[in-house]
Each structure stands twice: as C-alpha cells, then as structure tokens.
Amino acid sequence: MKIDVLVAEIGSTTTVVNAFQDINTLCPKFIGQGQAPTSVLEGDVNIGLNSAISDLANKINAESIEYEEMLATSSAAGGLKMSVHGLVYDMTVKAAREAALGAGAIIHNATAGKLRKADLKRIKNMNVNIILLAGGVDHGERETALYNAEKISKLGIKVPIIYAGNVDNQEEIKEIFEEAGMKLYIVENVYPKIDQLNIEPTRKIIQDVFEEHIVHAPGMAKVRELVNGPIIPTPGAVMKASELLKEDIGDLITFDVGGATTDLHSVTEGSEEINRILISPEPIAKRSVEGDLGVYVNMENIVGRIGIEEIEENLQIGIDALKRNHQPIPKTKKQIEFVEMLTKEAVETAIERHVGEIRHIYGPNGKATVAEGKDLSNVKYIVGTGGALTKLDKGKEILKALTNNNTKNKLQPTNEAKVVIDKDYIMASVGVLSKSHPKSALKLLKKSCNIE
C-alpha cells in the first residue's frame, strides 16, 4: 500500500508510526497507527521502527507499506541533551533555558557567571548533544561569555556550540571556536535587553542542530536509512503543534504524559492584569519537563509521591503485584487503574511546578502585590496527548479536575477551560508534519481533538 506520509515517533520506551493519506488535499486523513518497543538497547532504532511499520500494515490490512515521505520525532537515546551557560541566572540563563526546553531539550546542566573547574569537568563528562552559550544584553557585559567560550574550547570535545549572547562578542566567539575546530552556530541574543526575551530564533536553530547531529547519537546512527524528511525532538514537535493550534482556537496548555517524563506546554500571553504585576518576563510558549514523572520508566517516583497505602487501599491489591505486572501499555483492569492513578498524580504535580502565583511583598511603602511565573488564567483549552492520556478512559476526567483545584494565589486555568483529548495520539506527528504541510496538520489535529 502506498502512503503519502509516515511519521515515526521514536520514544524512550515505544516507537509509534502514524500514517496520513490525501495530505495535499482539502481533506487529509489519518488512516492508522502501528507501534512496537523502541530498540535503543539493540543499538539500532530501525529494528523498532520496522516492527512498528509491520504492526501498522497488519492493522490496516496491507501486505506491505510504501511511502512518499517519512518524517520523524525522537526522544530515544536520552533525547536532546543540552547544557546552558549564561551570565545572570534570572536573566540570560533563564532565557537560554526557556529556548532549549521549548525546542524539546532536556537540560543536564545550567550555570551562571564564569565557569569554574567543577563546571568544566561536568561539561566534559556529560556527553551532551549541544552546548548553548549566552550572556550579556546587546552592547552590555562581554567578558563572561568570552571567558566561558575560551574555557569550553579547550575541553577537547566535539560538541556543537550555539552562541546566543551579546551581539558585540560574535566575531571573537567565532574565532575562538574556529581555532578549536568546533562547530559553531551564531543566533540572535536570547536576552537582548533587560526584561526582553527573544527565544524563538534560538529554539529554531536548536532543532536544526539536533536534526543535523542526531545520527551521531547512540542507537540513532541508522535512522536516516528510512527517514527522508525532517527529524525533530518529540517535545519540540508537541510544542510546535500546540502553537499551531493556539493560533486557531486560542490560549491553551498541553499535557504530554509519557513513560519516562511528563511534559507541560503552555502557549498563552496571560492576562493583561497579571502582566502588569509580573516580576520578570515569561515566554508566550513555555515548556516544563518533569523527568521524575514518567508513568513507566519512573513509576517508582510517582508511587512514592502518592504513597503505597493509598494505592493499595484504592485498588485493593498489593503494590508488589502491581509493580510486577506493570506494562508500558496496560491491558488488565487493575493495570489500567494503576496507570490512571499514576497519571493523575503526574499531571497534578506537573501543573503545580509549571504555574505561576500571586505573592504579597512588604517594603517601605507597605504591601505590594506581584506575580511570578507563568499565568495560565487565560487558557481556553486543556489538551491531553501522550500514551497515558489518549488511551485511558479517564484521561479527560483527570485533566478537568485540574480546573477545580485552584488555590487562591495560583494562576491556574479556570473552570471555563475546555478539555480535549488527542484521541488519535498524533500531536507530535502533526508538529513535525506542520513544517511542510501546515494547513493539513491543523485539520488533522482539530479532528483528532474533536474541535469544530
């Protein structure tokens, strides 16, 4: 069978392949999904990818699958691992972190100021995919970024560098890394002026660098044998899909609950009232990744948060039996109920860590009210994607409960926010698809979420 576009999502535990037909027409169609365990441990993700394609063929009753175009997203082999280095933690480092997270990265290290010996040793031993170097507003402080560049250039590592700092340093930064034989990408400053974020150019270049260098990551060397289109980090693809949807239906947040992490993407400007009292700027598109909240790989962490007694009391079964029978894709009633409990705790914890709050501070002029962090009070939609939320019957119920948990000072979504589920589980696929087929991507996502 000839397919227009296949999109592979190579995850940490599962590889999913989604098939799309009539992609260049007014009525694009999602025609099926195949899945298989990801084969990173075997050193070749193509094993899992081919198995997922075979599974797809079985499900759509096709003898074989051919395709015009294959795209991919990946969080396998540890995903996109980065370290970030800036000048002031609450300014350039924060801006650089937001750019990296929004692009789909996992931040393994973030430092402010001049790098110390311990920092340099950590960078050398971390085996990150990209180093992001920032520091200084445009035409401001220069010394720190130049010092850090010199030190990194002498580490003897061959990691691509992105420089997104003070524009006045660009020529010297270029010379430093050229002399060291290190690949350098220069982009606009992530923090060009005080209280001004400019993270979009850096987010874009991070994904470009990831695509260029992903074939060098462990287990990913053969991925290009099957994929003839773009490859971007899975979380970055979900963010891109969230932004695409936001432009059409309004402010939203997206929960992506997976086996290894729970990601929360918010795409909202916030309310004018809160923006007036914000202590520091927040990006319109913000992602937080909770690496301790995966419902399979990191199940033990969530069990510890809920408590064994509560789980056993609610499910009427011993925790040892639940753990022993825990599967990436739950099948029995007890397995499903267990994952529902894990998912509920994961989303509640994720939003608690992501959302901003109103605080009262006291000074010489008396009490002042300020806001800190991301304002979600203007959110119109709560979107659920990822294996857990899209496959569980209680996915919608779990997300709707978040709007009833508002505490007085938290800037959470209100009861007016509508919950939708990406029932076809195609959000990441739509994100990468939108790079070449934006109109079709939006139609497919709205249909999956049952949005008119």
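Restrict the check to the range 21-35 and report whether at least one residue is modelled with pLDDT under 95 and under 22 Å from the mean Cα position of the chain (by Cα). Checked against the condition, which is being modelled with pLDDT under 95 and under 22 Å from the mean Cα position of the chain (by Cα), the range 21-35 yields at least one hit. Within the range 285-297, residues that are under 8 Å from residue 101 (Cα atoms) sit with their Cβ atoms under 8 Å from residues that are surrounded by fewer than 22 Cβ atoms within 10 Å (Cβ to Cβ) and at pLDDT below 90, at 6+ positions apart or across chains, in these pairs: 289/106.
Residues satisfying the criterion are absent from the range 242-249 (criterion: surrounded by fewer than 23 Cβ atoms within 10 Å (Cβ to Cβ) and in a loop (DSSP other than H, G, I, E, B)). Per the listing 113, 79, the residue uniquely over 24 Å from the mean Cα position of the chain (by Cα) and over 18 Å from residue 201 (Cα atoms) is 113. Residue count for the range 358-401 under the criterion of being without any contact (Cβ under 8 Å) to a residue 12 or more places away in the chain, more than 29 Å from residue 295 (Cα to Cα) and not small (Gly, Ala, Ser): the result is 6.
Just one of the listed residues (226, 197, 184) is surrounded by fewer than 22 Cβ atoms within 10 Å (Cβ to Cβ), among the aliphatic types (A, V, I, L, M) and closer than 17 Å to residue 8 by Cα, namely 226. When the range 212-266 is limited to residues that are basic (Lys, Arg) and at pLDDT below 85, the one that is farthest from residue 285 (Cα to Cα) turns out to be 222. Considering (1) touching a Phe, Trp or Tyr at 6+ places or on another chain (Cβ under 6 Å); (2) touching a residue at least 60 places away in the same chain (Cβ under 8 Å), the lone condition that residue 430 does not fulfil carries the number (1). Reported count of residues in the range 86-126, each being over 26 Å from residue 238 (Cβ atoms) and touching a Ser or Thr at 6+ places or on another chain (Cβ under 7 Å), is 6.
Here's the yes/no breakdown for (1) buried (at least 16 other Cβ atoms within 10 Å of the Cβ); (2) touching a helix residue (DSSP H, G or I) at 6+ places or on another chain (Cβ under 7 Å); (3) part of a loop (DSSP other than H, G, I, E, B); (4) among the polar types (S, T, N, Q):
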| residue | (1), (2), (3), (4) |
| --- | --- |
| 139 | no, yes, yes, no |
| 145 | yes, yes, no, no |
| 156 | no, no, yes, no |
| 162 | yes, yes, no, no |
| 171 | no, no, no, no |
| 177 | yes, yes, no, no |
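Of all residues in the range 47-76, those satisfying the criterion of being under 18 Å from the mean Cα position of the chain (by Cα) and not aliphatic (A, V, I, L, M) are 73, 74, 75. Among all residues of the range 359-373, there is at least one that is in the same structural domain as residue 416 (by TED's automatic domain parsing) and either within 23 Å of residue 261 (Cβ to Cβ) or at pLDDT 95 or above (or both).
The number of residues in the range 421-452 that are assigned to a loop (DSSP other than H, G, I, E, B) and either out of contact with any Gly (no Cβ under 8 Å at 6 or more places or on another chain) or surrounded by fewer than 24 Cβ atoms within 10 Å (Cβ to Cβ) (or both) comes to 12.
The values are calculated or read from the model by the stated rules, or taken from the named source; none is laboratory data. Note that the structure is predicted; figures quoted are calculated from it, not measured. Here the Cβ is made from the backbone with ideal geometry for all residues, glycine too, and neighbour counts use every protein chain on show.
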